[in-house]
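These notes concern the structure reproduced below.
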Amino acid sequence: MADTHDRELPVGSLRITTGCQYCAVGCGYSALLVPVGADLHDTETFPEASGFITPAMRGRIRYRGSSFDAAVVPDVRCRLNKGNHSVRGGSVGSNLVSHDGSGRSTRDRLTTPAVRRADGELQPISWQMLNALMARLLSETTQLQARDGRISVGHPERLGVKLFEYQFLENTYAATKLFYSLFGTPNVAFHDRPSAAGSSPGLADTGFSPHDFAYKDVRDQSDLIFVVGANPYENQSVFWMNYCSGKRAIVLDPRRTATAQDAVDAGGLHLQPTRLGADSLVLHAMAREIIRRWLDFDDSRALTDFPLRPGIHAAAASLPVLAAEDAGGGLSRAKLPAARRRASRALGFLEFARDFLRVDDPDSPYTLARASQASGIDPDRLGEAVDLLFDASKERLSEQPKVAILYEKGLIWGFNYHNTAAVGALGLLTGAYLERGRPGGRARGRRP
């Protein structure tokens, strides 16, 4: 489309490259601004648009003192979405702020700061007044003083902060730098939890980052996708449609979601629990059965021969080093909690398989039969899921793993540590090394 991108536009028109404001997939968009009255249906004039510009993509705004009819359209030139969009992404234009009252969803949006008066009404104030008011409140609350070019904070613990973390990086970095570095308060909590702790601590203890997979790895190199606690077809639609749809998938979800139905349509499985709260039990039972089937595959095999991916043994050997770095102040704030837990409580593979999962014990609490009984998942379906995982991962000594494990808040916002540790352990066993992560996670932009 490059040859048409520079096509002449109506005088005074603007193009602004941007992105979708909704989920974390990161789809590319173009904001097309033309003087009021220009025809936004002309896709030859706007080659970024992949088709008809719908009413939901449009809005009327003021920009740099002038009025424009705007369309925010998915950009066909973006390598990620290639002009595709979700239902949400197709309505970005509807949420443009329209100061003339024509906006369908922004008529009641505040356009200036406001304070609530004694009678309960909001009183608009200027940004200058807001800055002065906040500076005074924060300074008096924490007893902040500036003397001889130095700043001291007498009571940082008096300041509590609740911060929406899914903002643009510039906002979250500035906010955390202000509250951590200047005020030094320990009482910072993000929107979805009561502290600044990570949302996947169990995963960190298995040595993974929660945001470490690449879309192209899932598309080009994985043979099987295991989705647990996530609904990417509906919530990360472009990622699923462009990179996952059509692949064989296993979906663990109590609901018959669009993702689950798409998996079944492509020859995959839907594991549908009827009793909730047994996610970690199900995941550990699947891990135990994978180890058992690997042992049964060849009578000469032993647990000590299990082919964990290179780097896992090195990670276990590095635990004393992590403890030493912790003591010497060599680890960042973000890595300290996981390093301490791993140094004090981490299980090696043999301990995990023999003592925790009890792979040779028929009375183990982590048998498929017990997982089925606790969760209500059909035992035959659970066995079929293990078959798929084992078949996709038994060649895990190859250069590239074949299993992608995707999880999200359905797993995190439950028995958090147990669930995230269990999915991390299953990832290690199946070789899901590069392609395991949160399709809805994103970089936070916090100050380290």
Within the range 136-152, the residues that are in a loop (DSSP other than H, G, I, E, B) and not polar (S, T, N, Q) are 148, 149
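Results for (1) under 30 Å from residue 171 (Cα atoms); (2) touching an Asp or Glu at 6+ places or on another chain (Cβ under 6 Å); (3) modelled with pLDDT under 75; (4) aliphatic (A, V, I, L, M), shown as yes or no for each residue.
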site	(1), (2), (3), (4)
372	no, no, no, no
396	no, no, yes, no
406	yes, no, no, yes
413	yes, no, no, no
420	yes, no, no, no
430	no, no, no, no
443	yes, no, yes, yes
Mind telling me which of the residues 293, 275 ends up being part of a helix (DSSP H, G or I), in contact (Cβ under 8 Å) with a residue 40 or more places away in the chain and more than 21 Å from the chain's Cα centre (by Cα)?
-> 293
Residue 11 vs. criteria out of contact with any Gly (no Cβ under 7 Å at 6 or more places or on another chain), farther than 30 Å from residue 124 by Cβ and modelled with pLDDT of 85 or more = no
The condition of being more than 19 Å from residue 431 (Cβ to Cβ), free of Cβ contacts under 8 Å to residues at least 24 places away in the same chain and outside the structural domain of residue 88 (by TED's automatic domain parsing) holds, among 157, 140, 234, only for 140
Residue hits (the range 253-269; touching a Phe, Trp or Tyr at 6+ places or on another chain (Cβ under 9 Å) and of a type in the set (Asp, Glu)) are 262
Looking only at the range 153-173, which residues are modelled with pLDDT of 90 or more and either assigned to a helix (DSSP H, G or I) or of a type in the set (Ser, Thr, Tyr) (or both)?
-> 156, 157, 158
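Are any residues in the range 240-258 part of a helix (DSSP H, G or I) and in contact with a helix residue (DSSP H, G or I) (Cβ under 6 Å, 6 or more places away or on another chain), and if so, which ones?
Step one: of the range 240-258, the residues part of a helix (DSSP H, G or I) are 240-243, 258.
Passing the criteria: 240, 243, 258.
Step by step: first the residues of the range 198-235, then only those that are small (Gly, Ala, Ser), touching a helix residue (DSSP H, G or I) at 6+ places or on another chain (Cβ under 7 Å) and more than 20 Å from residue 262 (Cβ to Cβ), then the one that is surrounded by the most Cβ atoms within 10 Å (Cβ to Cβ). Which residue is that?
The initial filter retains those residues of the range 198-235 that are small (Gly, Ala, Ser), namely 198-200, 202, 204, 207, 209, 214, 222, 229-230.
Now drop any that are not touching a helix residue (DSSP H, G or I) at 6+ places or on another chain (Cβ under 7 Å), which leaves 198-200, 202, 204, 207, 229-230.
So of that shortlist, the ones also more than 20 Å from residue 262 (Cβ to Cβ) come out as 198-200, 202, 204, 207.
On the way: 198: 19, 199: 19, 200: 27, 202: 24, 204: 22, 207: 19.
The selected residue is 200.
Could you run through the range 73-93 and say how many residues are among the β-branched types (Val, Ile, Thr), farther than 21 Å from residue 245 by Cβ and either assigned to a helix (DSSP H, G or I) or touching a Lys or Arg at 6+ places or on another chain (Cβ under 8 Å) (or both)? Please lay out each step first, then the result.
Looking only at the range 73-93, we keep the residues that are among the β-branched types (Val, Ile, Thr), and these are 73, 76, 87, 92.
When the remaining residues are screened for being farther than 21 Å from residue 245 by Cβ, the result is 73, 92.
Checking the rest, the ones that are also either assigned to a helix (DSSP H, G or I) or touching a Lys or Arg at 6+ places or on another chain (Cβ under 8 Å) (or both) come to 92.
Residues in the range 73-93 being among the β-branched types (Val, Ile, Thr), farther than 21 Å from residue 245 by Cβ and either assigned to a helix (DSSP H, G or I) or touching a Lys or Arg at 6+ places or on another chain (Cβ under 8 Å) (or both): 1 in total.
When you scan the range 105-112, do you find a residue that is basic (Lys, Arg), under 30 Å from residue 27 (Cβ atoms) and surrounded by 13 or more Cβ atoms within 10 Å (Cβ to Cβ), even just one? Spell out the reasoning first.
Step one: filter the range 105-112 for residues basic (Lys, Arg), giving 107, 109.
Filter once more, so that each one left must be under 30 Å from residue 27 (Cβ atoms): 107, 109.
With surrounded by 13 or more Cβ atoms within 10 Å (Cβ to Cβ) added as a condition, the list becomes none.
Looking for residues that are basic (Lys, Arg), under 30 Å from residue 27 (Cβ atoms) and surrounded by 13 or more Cβ atoms within 10 Å (Cβ to Cβ), one finds none in the range 105-112, hence no.
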Out of all the residues in the range 107-121, which are part of a strand (DSSP E or B) and without any contact (Cβ under 8 Å) to a residue 12 or more places away in the chain?
-> 114, 116
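Look at residue 189 and say whether it is on the phi < 0 side of the Ramachandran plot, part of a strand (DSSP E or B) and surrounded by 14 or more Cβ atoms within 10 Å (Cβ to Cβ). Walk me through how you get there before you give the answer.
Details: on the phi < 0 side of the Ramachandran plot: yes; part of a strand (DSSP E or B): yes; surrounded by 14 or more Cβ atoms within 10 Å (Cβ to Cβ): yes.
Yes: the conditions hold for residue 189.
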Which numbered condition residue 177 misses (of (1) surrounded by 15 or more Cβ atoms within 10 Å (Cβ to Cβ); (2) over 30 Å from residue 64 (Cα atoms)) | (1)
Residue 211 meets each of (1) out of contact with any Cys (no Cβ under 9 Å at 6 or more places or on another chain); (2) modelled with pLDDT of 85 or more with one exception, condition (2)
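The values are calculated or read from the model by the stated rules, or taken from the named source; none is laboratory data. Here the structure is a predicted model, which is why all the values come from computation and not from measurement. Positions of Cβ are backbone-derived with ideal geometry, glycine not excepted, and every protein chain shown enters the neighbour counts.
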